[in-house]
Amino acid sequence: VNMRIISKVMLLSLSVIVILSGTTYSIFLDSENHIKSATFVSKSFEMGPGKIVSKSFYDIEFPKGHIGVKSFDAELVDEDGNSVPLYETYLHHWFAIKYNENITMSRYIEQSHDISKGINYTRNDGACRGFLLPHYWGLGGESRGTSSNLPDPFAVEFGNPTNIPHGFKEKWLFDIMAIDTRGAYSRKGCIECRCDLLNLPKDFYNVTKDINEQPLSLNYKGGLFCCKDNLQCKLRKGFHGPTRKLSLRYKIKWVDWDEHQVPLKFYILDTTDRVRTNGSTTIHDCQAEYTIPRIGHSDSPHVKKANIPMKKGGYLIYGTSHMHTGVVNATLYGQDGRVLCTSTPKYGTGKEAGNERGYLVGMSGCYPKPGSIKIKDGEILTLETRYQNKFRTGAMGFFYIHLAEQLPN
(Lines give C-alpha, C1' and ligand atoms only; values in the text may rest on other atoms or scores of the structure.)
Protein backbone atom coordinates (compact mmCIF):
# COMPACT_ATOMS: atom_id res chain seq x y z
CA VAL A 1 0.00 0.00 0.00
CA ASN A 2 1.46 3.23 -1.24
CA MET A 3 4.20 5.07 0.59
CA ARG A 4 2.22 8.15 -0.15
CA ILE A 5 0.39 5.88 2.37
CA ILE A 6 1.12 8.50 3.60
CA SER A 7 4.34 10.12 4.65
CA LYS A 8 3.52 13.56 5.91
CA VAL A 9 5.97 15.14 3.50
CA MET A 10 4.37 13.47 0.52
CA LEU A 11 0.86 14.24 1.71
CA LEU A 12 1.64 17.91 2.01
CA SER A 13 3.37 17.93 -1.37
CA LEU A 14 0.16 17.02 -3.16
CA SER A 15 -0.72 20.20 -4.95
CA VAL A 16 -4.17 19.59 -6.33
CA ILE A 17 -7.33 19.07 -4.35
CA VAL A 18 -10.10 17.22 -6.12
CA ILE A 19 -13.67 17.88 -5.05
CA LEU A 20 -15.70 14.87 -6.01
CA SER A 21 -19.13 14.64 -7.52
CA GLY A 22 -19.79 10.95 -6.98
CA THR A 23 -23.12 9.32 -7.60
CA THR A 24 -25.32 7.78 -4.94
CA TYR A 25 -26.79 4.60 -6.37
CA SER A 26 -28.92 3.48 -3.47
CA ILE A 27 -29.80 4.20 0.10
CA PHE A 28 -32.00 1.77 1.94
CA LEU A 29 -32.96 1.16 5.54
CA ASP A 30 -33.15 -2.26 7.13
CA SER A 31 -35.95 -1.59 9.62
CA GLU A 32 -35.11 -4.61 11.76
CA ASN A 33 -31.81 -3.27 13.10
CA HIS A 34 -31.83 0.24 11.59
CA ILE A 35 -28.86 -0.44 9.35
CA LYS A 36 -28.61 2.04 6.48
CA SER A 37 -26.69 1.37 3.28
CA ALA A 38 -25.45 3.54 0.42
CA THR A 39 -23.39 2.88 -2.69
CA PHE A 40 -21.18 5.65 -4.08
CA VAL A 41 -18.80 6.02 -7.02
CA SER A 42 -15.48 7.87 -6.83
CA LYS A 43 -14.13 10.35 -9.36
CA SER A 44 -12.97 8.50 -12.47
CA PHE A 45 -9.38 8.07 -13.67
CA GLU A 46 -8.07 7.09 -17.09
CA MET A 47 -6.32 3.76 -17.60
CA GLY A 48 -4.45 2.57 -20.69
CA PRO A 49 -2.49 -0.67 -21.25
CA GLY A 50 0.45 -0.80 -18.84
CA LYS A 51 -0.44 2.47 -17.12
CA ILE A 52 0.05 3.05 -13.39
CA VAL A 53 -2.46 5.30 -11.61
CA SER A 54 -1.75 6.52 -8.07
CA LYS A 55 -4.23 9.17 -6.96
CA SER A 56 -5.59 10.90 -3.87
CA PHE A 57 -9.21 12.08 -4.07
CA TYR A 58 -10.31 14.45 -1.30
CA ASP A 59 -13.79 15.08 0.09
CA ILE A 60 -15.29 11.80 -1.08
CA GLU A 61 -18.95 11.08 -0.41
CA PHE A 62 -19.55 9.63 3.05
CA PRO A 63 -22.65 9.26 5.27
CA LYS A 64 -23.39 12.43 7.27
CA GLY A 65 -24.03 12.89 10.96
CA HIS A 66 -23.03 11.06 14.13
CA ILE A 67 -22.88 7.44 12.94
CA GLY A 68 -21.43 3.99 13.56
CA VAL A 69 -20.00 2.34 10.45
CA LYS A 70 -20.72 -1.39 10.14
CA SER A 71 -18.91 -2.16 6.86
CA PHE A 72 -17.01 -0.49 4.01
CA ASP A 73 -16.44 -2.42 0.77
CA ALA A 74 -15.00 -1.31 -2.59
CA GLU A 75 -14.16 -2.53 -6.09
CA LEU A 76 -13.02 -1.21 -9.48
CA VAL A 77 -15.73 -0.61 -12.10
CA ASP A 78 -15.81 0.76 -15.65
CA GLU A 79 -17.94 3.62 -16.98
CA ASP A 80 -20.95 1.31 -17.34
CA GLY A 81 -20.64 0.08 -13.75
CA ASN A 82 -19.25 -3.33 -14.74
CA SER A 83 -16.78 -5.00 -12.39
CA VAL A 84 -13.25 -4.95 -13.83
CA PRO A 85 -11.29 -8.23 -13.52
CA LEU A 86 -7.87 -8.14 -11.85
CA TYR A 87 -6.07 -9.52 -14.93
CA GLU A 88 -7.12 -6.38 -16.84
CA THR A 89 -6.60 -3.77 -14.10
CA TYR A 90 -5.02 -4.86 -10.84
CA LEU A 91 -6.25 -2.94 -7.78
CA HIS A 92 -3.02 -2.66 -5.80
CA HIS A 93 -4.75 -0.85 -2.95
CA TRP A 94 -7.38 1.63 -1.89
CA PHE A 95 -7.36 3.42 1.47
CA ALA A 96 -10.07 5.52 3.10
CA ILE A 97 -8.41 8.18 5.29
CA LYS A 98 -10.12 10.61 7.66
CA TYR A 99 -9.20 14.28 8.00
CA ASN A 100 -10.58 17.45 9.56
CA GLU A 101 -10.77 20.54 7.36
CA ASN A 102 -10.76 24.09 8.72
CA ILE A 103 -14.10 25.48 7.49
CA THR A 104 -12.70 29.00 7.19
CA MET A 105 -9.94 27.70 4.88
CA SER A 106 -12.23 25.74 2.51
CA ARG A 107 -12.59 28.58 -0.02
CA TYR A 108 -8.82 29.23 0.03
CA ILE A 109 -8.04 25.54 -0.54
CA GLU A 110 -10.53 25.32 -3.41
CA GLN A 111 -9.13 28.40 -5.14
CA SER A 112 -5.41 27.90 -4.52
CA HIS A 113 -5.30 24.06 -4.76
CA ASP A 114 -3.00 24.24 -1.73
CA ILE A 115 -3.99 21.46 0.66
CA SER A 116 -1.07 21.97 3.05
CA LYS A 117 -3.02 24.50 5.11
CA GLY A 118 -6.15 23.99 7.15
CA ILE A 119 -6.22 20.17 7.13
CA ASN A 120 -5.48 17.80 10.02
CA TYR A 121 -5.19 14.11 9.21
CA THR A 122 -6.66 11.83 11.89
CA ARG A 123 -5.24 8.33 11.81
CA ASN A 124 -6.47 5.01 13.19
CA ASP A 125 -5.32 3.64 16.58
CA GLY A 126 -2.44 1.62 15.06
CA ALA A 127 1.10 2.28 16.19
CA CYS A 128 2.99 2.94 12.92
CA ARG A 129 4.75 6.29 13.22
CA GLY A 130 4.05 9.49 11.31
CA PHE A 131 1.54 9.21 8.52
CA LEU A 132 2.30 5.63 7.62
CA LEU A 133 -0.78 3.39 7.29
CA PRO A 134 -3.25 5.98 8.64
CA HIS A 135 -6.39 4.56 7.00
CA TYR A 136 -9.53 3.09 8.54
CA TRP A 137 -10.46 0.81 5.62
CA GLY A 138 -8.42 -0.37 2.70
CA LEU A 139 -7.55 -3.54 0.84
CA GLY A 140 -6.32 -4.48 -2.64
CA GLY A 141 -7.04 -7.21 -5.17
CA GLU A 142 -8.69 -9.25 -2.40
CA SER A 143 -11.36 -6.59 -1.78
CA ARG A 144 -14.32 -8.36 -3.39
CA GLY A 145 -13.86 -11.52 -1.35
CA THR A 146 -12.99 -10.07 2.07
CA SER A 147 -15.78 -9.30 4.52
CA SER A 148 -15.67 -6.04 6.49
CA ASN A 149 -18.96 -6.57 8.37
CA LEU A 150 -18.94 -5.81 12.10
CA PRO A 151 -21.40 -7.73 14.28
CA ASP A 152 -24.12 -6.01 16.33
CA PRO A 153 -23.98 -4.01 18.51
CA PHE A 154 -20.40 -3.04 17.53
CA ALA A 155 -19.49 -0.21 15.14
CA VAL A 156 -16.74 2.32 14.42
CA GLU A 157 -17.91 5.76 15.57
CA PHE A 158 -17.55 8.86 13.38
CA GLY A 159 -19.05 12.33 13.23
CA ASN A 160 -19.24 12.81 17.00
CA PRO A 161 -19.35 16.62 17.35
CA THR A 162 -17.44 16.49 20.66
CA ASN A 163 -14.46 14.87 18.86
CA ILE A 164 -14.29 17.39 15.99
CA PRO A 165 -12.30 20.57 16.78
CA HIS A 166 -14.31 23.80 16.73
CA GLY A 167 -14.31 25.37 13.27
CA PHE A 168 -13.45 22.09 11.53
CA LYS A 169 -15.44 19.59 9.48
CA GLU A 170 -14.81 15.83 9.34
CA LYS A 171 -14.08 14.61 5.79
CA TRP A 172 -12.64 11.59 3.97
CA LEU A 173 -10.19 10.95 1.15
CA PHE A 174 -9.28 7.98 -1.02
CA ASP A 175 -5.73 6.93 -1.80
CA ILE A 176 -5.95 4.60 -4.83
CA MET A 177 -3.32 2.70 -6.79
CA ALA A 178 -4.25 0.63 -9.86
CA ILE A 179 -2.10 -1.07 -12.51
CA ASP A 180 -3.43 -1.80 -16.01
CA THR A 181 -1.85 -5.11 -17.11
CA ARG A 182 -3.52 -5.51 -20.52
CA GLY A 183 -0.74 -6.48 -22.93
CA ALA A 184 1.87 -6.51 -20.16
CA TYR A 185 5.25 -8.10 -20.92
CA SER A 186 5.03 -9.59 -17.41
CA ARG A 187 1.72 -9.30 -15.53
CA LYS A 188 3.31 -10.59 -12.31
CA GLY A 189 6.21 -8.14 -12.66
CA CYS A 190 3.85 -5.22 -13.26
CA ILE A 191 1.62 -5.89 -10.25
CA GLU A 192 4.73 -6.29 -8.06
CA CYS A 193 6.03 -2.92 -9.37
CA ARG A 194 9.36 -4.31 -10.65
CA CYS A 195 11.52 -1.27 -11.29
CA ASP A 196 13.17 -2.71 -14.41
CA LEU A 197 9.76 -3.03 -16.12
CA LEU A 198 8.80 0.62 -15.60
CA ASN A 199 9.85 3.71 -17.58
CA LEU A 200 11.54 5.34 -14.59
CA PRO A 201 13.05 8.82 -15.09
CA LYS A 202 16.82 8.75 -15.75
CA ASP A 203 17.61 10.44 -12.42
CA PHE A 204 15.17 8.23 -10.46
CA TYR A 205 17.65 6.78 -7.97
CA ASN A 206 19.38 10.12 -7.48
CA VAL A 207 16.27 11.99 -6.35
CA THR A 208 13.99 9.33 -4.84
CA LYS A 209 13.92 9.13 -1.04
CA ASP A 210 12.84 6.04 0.86
CA ILE A 211 10.35 5.86 3.71
CA ASN A 212 12.93 7.25 6.15
CA GLU A 213 13.80 10.17 3.84
CA GLN A 214 17.11 8.52 2.89
CA PRO A 215 18.28 8.12 -0.76
CA LEU A 216 16.61 5.06 -2.31
CA SER A 217 19.10 2.20 -2.62
CA LEU A 218 20.12 0.83 -6.02
CA ASN A 219 19.29 -2.56 -4.50
CA TYR A 220 15.60 -1.59 -4.47
CA LYS A 221 14.21 -3.94 -7.15
CA GLY A 222 10.51 -3.20 -6.88
CA GLY A 223 7.62 -1.88 -4.81
CA LEU A 224 5.69 1.28 -4.15
CA PHE A 225 8.51 3.69 -4.99
CA CYS A 226 8.67 2.41 -8.56
CA CYS A 227 4.88 2.50 -9.11
CA LYS A 228 4.51 6.26 -9.51
CA ASP A 229 1.45 7.92 -11.02
CA ASN A 230 1.43 7.96 -14.85
CA LEU A 231 4.40 5.63 -15.25
CA GLN A 232 4.18 2.87 -17.86
CA CYS A 233 4.80 -0.84 -17.38
CA LYS A 234 6.54 -2.66 -20.25
CA LEU A 235 4.14 -4.06 -22.89
CA ARG A 236 4.49 -6.93 -25.37
CA LYS A 237 5.91 -5.68 -28.65
CA GLY A 238 3.24 -4.20 -30.92
CA PHE A 239 0.41 -4.42 -28.38
CA HIS A 240 -2.21 -1.67 -28.57
CA GLY A 241 -5.40 -1.36 -26.56
CA PRO A 242 -8.05 1.26 -25.80
CA THR A 243 -7.93 3.64 -22.87
CA ARG A 244 -10.93 3.69 -20.55
CA LYS A 245 -12.21 5.43 -17.46
CA LEU A 246 -12.46 3.48 -14.22
CA SER A 247 -13.76 4.37 -10.76
CA LEU A 248 -13.89 2.93 -7.28
CA ARG A 249 -17.43 1.88 -6.39
CA TYR A 250 -17.87 1.64 -2.65
CA LYS A 251 -20.68 0.54 -0.36
CA ILE A 252 -20.98 1.69 3.24
CA LYS A 253 -23.37 0.34 5.88
CA TRP A 254 -23.98 2.32 9.06
CA VAL A 255 -26.34 3.06 11.93
CA ASP A 256 -27.24 6.36 13.55
CA TRP A 257 -25.26 6.50 16.81
CA ASP A 258 -27.19 5.88 20.03
CA GLU A 259 -26.69 4.35 23.47
CA HIS A 260 -27.11 0.83 22.07
CA GLN A 261 -23.93 1.00 19.97
CA VAL A 262 -20.61 -0.24 21.35
CA PRO A 263 -17.60 1.64 19.89
CA LEU A 264 -14.63 -0.21 18.41
CA LYS A 265 -11.04 0.92 18.08
CA PHE A 266 -9.25 0.01 14.85
CA TYR A 267 -5.59 -1.04 14.73
CA ILE A 268 -3.30 -1.79 11.77
CA LEU A 269 -0.33 -4.01 12.68
CA ASP A 270 2.53 -4.35 10.18
CA THR A 271 4.78 -7.40 9.94
CA THR A 272 7.66 -5.11 8.87
CA ASP A 273 7.43 -3.11 12.14
CA ARG A 274 10.99 -2.94 13.48
CA VAL A 275 10.03 -2.08 17.05
CA ARG A 276 12.75 -0.48 19.15
CA THR A 277 12.95 1.59 22.31
CA ASN A 278 14.56 4.91 23.06
CA GLY A 279 14.63 5.16 26.83
CA SER A 280 11.01 4.70 27.90
CA THR A 281 9.67 5.52 24.40
CA THR A 282 8.64 2.70 22.05
CA ILE A 283 9.32 3.47 18.38
CA HIS A 284 7.33 1.61 15.72
CA ASP A 285 9.46 1.63 12.57
CA CYS A 286 7.01 0.21 10.01
CA GLN A 287 8.31 -0.26 6.45
CA ALA A 288 4.91 -1.17 4.88
CA GLU A 289 6.45 -3.49 2.24
CA TYR A 290 9.25 -6.01 1.86
CA THR A 291 11.04 -8.14 -0.72
CA ILE A 292 10.88 -11.93 -0.57
CA PRO A 293 14.06 -13.57 -1.89
CA ARG A 294 13.77 -17.07 -3.35
CA ILE A 295 15.80 -19.36 -1.10
CA GLY A 296 16.98 -22.54 -2.87
CA HIS A 297 14.29 -24.95 -4.04
CA SER A 298 12.57 -25.39 -0.70
CA ASP A 299 8.80 -25.73 -0.51
CA SER A 300 8.85 -24.14 2.94
CA PRO A 301 7.12 -20.75 2.97
CA HIS A 302 8.93 -17.46 3.59
CA VAL A 303 8.08 -16.34 7.15
CA LYS A 304 8.26 -12.80 8.48
CA LYS A 305 7.56 -11.92 12.13
CA ALA A 306 7.13 -8.79 14.23
CA ASN A 307 6.66 -8.52 18.00
CA ILE A 308 4.36 -5.57 18.57
CA PRO A 309 3.52 -4.18 22.03
CA MET A 310 -0.10 -3.05 22.37
CA LYS A 311 -0.23 0.05 24.54
CA LYS A 312 -3.99 -0.40 24.91
CA GLY A 313 -5.80 -3.72 24.68
CA GLY A 314 -9.41 -4.79 24.47
CA TYR A 315 -11.76 -7.58 23.40
CA LEU A 316 -11.12 -8.85 19.86
CA ILE A 317 -14.31 -8.47 17.81
CA TYR A 318 -12.99 -8.84 14.25
CA GLY A 319 -9.68 -9.43 12.47
CA THR A 320 -8.38 -9.93 8.93
CA SER A 321 -5.23 -9.25 6.92
CA HIS A 322 -4.16 -7.39 3.78
CA MET A 323 -1.70 -9.48 1.78
CA HIS A 324 -0.72 -10.03 -1.87
CA THR A 325 -0.95 -12.97 -4.29
CA GLY A 326 1.39 -15.72 -3.07
CA VAL A 327 0.25 -15.45 0.55
CA VAL A 328 -0.01 -18.71 2.52
CA ASN A 329 -1.57 -17.16 5.65
CA ALA A 330 -1.19 -14.56 8.39
CA THR A 331 -1.51 -15.31 12.11
CA LEU A 332 -1.69 -13.06 15.14
CA TYR A 333 -0.50 -14.58 18.43
CA GLY A 334 -0.91 -13.41 22.02
CA GLN A 335 2.06 -13.02 24.35
CA ASP A 336 1.45 -16.50 25.77
CA GLY A 337 1.50 -18.03 22.28
CA ARG A 338 -2.27 -18.43 21.96
CA VAL A 339 -3.68 -17.91 18.46
CA LEU A 340 -5.82 -14.77 18.36
CA CYS A 341 -6.71 -14.97 14.67
CA THR A 342 -5.49 -16.67 11.47
CA SER A 343 -6.41 -15.10 8.14
CA THR A 344 -6.24 -17.45 5.13
CA PRO A 345 -6.34 -16.69 1.39
CA LYS A 346 -8.85 -17.60 -1.29
CA TYR A 347 -7.47 -17.91 -4.83
CA GLY A 348 -9.52 -17.52 -7.99
CA THR A 349 -10.28 -20.41 -10.35
CA GLY A 350 -12.17 -18.73 -13.23
CA LYS A 351 -12.32 -15.67 -15.48
CA GLU A 352 -15.10 -13.59 -13.91
CA ALA A 353 -14.36 -10.57 -11.68
CA GLY A 354 -13.99 -11.78 -8.10
CA ASN A 355 -12.79 -15.24 -9.16
CA GLU A 356 -9.75 -14.51 -11.36
CA ARG A 357 -7.62 -17.63 -11.82
CA GLY A 358 -4.33 -17.51 -9.89
CA TYR A 359 -5.08 -14.19 -8.16
CA LEU A 360 -5.66 -13.64 -4.46
CA VAL A 361 -9.39 -12.82 -4.39
CA GLY A 362 -10.18 -12.86 -0.66
CA MET A 363 -8.81 -13.15 2.88
CA SER A 364 -10.77 -14.81 5.66
CA GLY A 365 -11.79 -12.90 8.78
CA CYS A 366 -12.13 -13.88 12.44
CA TYR A 367 -15.29 -13.34 14.47
CA PRO A 368 -14.55 -14.71 17.97
CA LYS A 369 -17.46 -14.83 20.41
CA PRO A 370 -17.44 -11.32 21.99
CA GLY A 371 -15.60 -11.52 25.31
CA SER A 372 -13.81 -14.78 24.49
CA ILE A 373 -10.48 -13.21 23.41
CA LYS A 374 -9.01 -10.36 25.43
CA ILE A 375 -5.77 -8.55 24.66
CA LYS A 376 -4.27 -7.00 27.79
CA ASP A 377 -2.90 -3.46 28.02
CA GLY A 378 0.83 -3.65 27.25
CA GLU A 379 0.61 -7.19 25.84
CA ILE A 380 3.20 -8.00 23.16
CA LEU A 381 1.52 -9.56 20.13
CA THR A 382 3.39 -11.54 17.48
CA LEU A 383 2.35 -11.11 13.86
CA GLU A 384 3.56 -13.83 11.51
CA THR A 385 3.02 -13.60 7.73
CA ARG A 386 3.80 -16.43 5.31
CA TYR A 387 4.31 -16.26 1.54
CA GLN A 388 5.27 -18.94 -0.99
CA ASN A 389 9.03 -19.29 -1.47
CA LYS A 390 9.21 -17.28 -4.72
CA PHE A 391 10.99 -13.99 -5.48
CA ARG A 392 8.50 -11.19 -4.89
CA THR A 393 8.80 -7.42 -4.56
CA GLY A 394 6.50 -5.03 -2.72
CA ALA A 395 4.99 -7.77 -0.54
CA MET A 396 2.76 -6.58 2.30
CA GLY A 397 1.70 -8.09 5.60
CA PHE A 398 -0.85 -6.00 7.49
CA PHE A 399 -3.21 -7.28 10.16
CA TYR A 400 -6.40 -5.33 10.88
CA ILE A 401 -8.07 -5.76 14.28
CA HIS A 402 -11.13 -4.14 15.84
CA LEU A 403 -11.10 -4.07 19.64
CA ALA A 404 -13.85 -3.17 22.12
CA GLU A 405 -12.78 -1.64 25.41
CA GLN A 406 -16.02 -2.81 27.00
CA LEU A 407 -18.71 -5.36 26.17
CA PRO A 408 -22.44 -4.62 25.91
CA ASN A 409 -24.47 -5.03 29.09
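The values are calculated or read from the model by the stated rules, or taken from the named source; none is laboratory data. All figures in this text were calculated on a predicted structure; none of them were measured in a lab. Positions of Cβ are backbone-derived with ideal geometry, glycine not excepted, and every protein chain shown enters the neighbour counts. Ligands, DNA and RNA are excluded from the accessible area calculation, which covers all protein heavy atoms including side chains. Shrake-Rupley method; radii C 1.70, N 1.55, O 1.52, S 1.80 Å.
Before moving on, here are some points about what is shown:
- Residue in region 128-150 that is open to solvent by 40 Å² or more (accessible area, probe 1.4 Å), of a type in the set (Ser, Thr, Tyr) and farther than 30 Å from Ile35 by Cβ present: no
- In region 98-156, the residues that are polar (S, T, N, Q), outside any loop (DSSP other than H, G, I, E, B) and at pLDDT 85 or above: Asn100, Asn102, Asn120, Thr122, Ser143
- Of the residues making up region 310-326, those that are part of a strand (DSSP E or B) and within 22 Å of the chain's Cα centre (by Cα) are Leu316, Ile317, Tyr318, Gly319, Thr320, Ser321, His322.
- Residue check, Gly222 touching a residue at least 12 places away in the same chain (Cβ under 8 Å), touching a helix residue (DSSP H, G or I) at 6+ places or on another chain (Cβ under 6 Å), crowded, with 16+ Cβ neighbours inside 10 Å and over 24 Å from Thr325 (Cβ atoms): no
- Any hit, region 192-207, residues being among the polar types (S, T, N, Q), more than 24 Å from Glu61 (Cβ to Cβ) and modelled with pLDDT under 95: yes
- Residue satisfying condition, being over 18 Å from the mean Cα position of the chain (by Cα), among the charged types (D, E, K, R), at pLDDT 95 or above and crowded, with 17+ Cβ neighbours inside 10 Å, within set Lys305, Lys234: Lys234
- Any hit, region 279-300, residues being open to solvent by 50 Å² or more (accessible area, probe 1.4 Å) and within 19 Å of Glu142 (Cβ to Cβ): no
- Scan region 375-404 for residues that are crowded, with 23+ Cβ neighbours inside 10 Å and of a type in the set (Asp, Glu) and the total you get is 0.
- Taken together, Gly126, Gly130, Gly167 contain a single residue that is farther than 30 Å from Gly362 by Cα and either out of contact with any Lys or Arg (no Cβ under 6 Å at 6 or more places or on another chain) or touching a residue at least 12 places away in the same chain (Cβ under 8 Å) (or both), which is Gly167.
- Test for Val339: is it β-branched (Val, Ile, Thr), open to solvent by 70 Å² or more (accessible area, probe 1.4 Å) and more than 23 Å from Ser71 (Cβ to Cβ): yes
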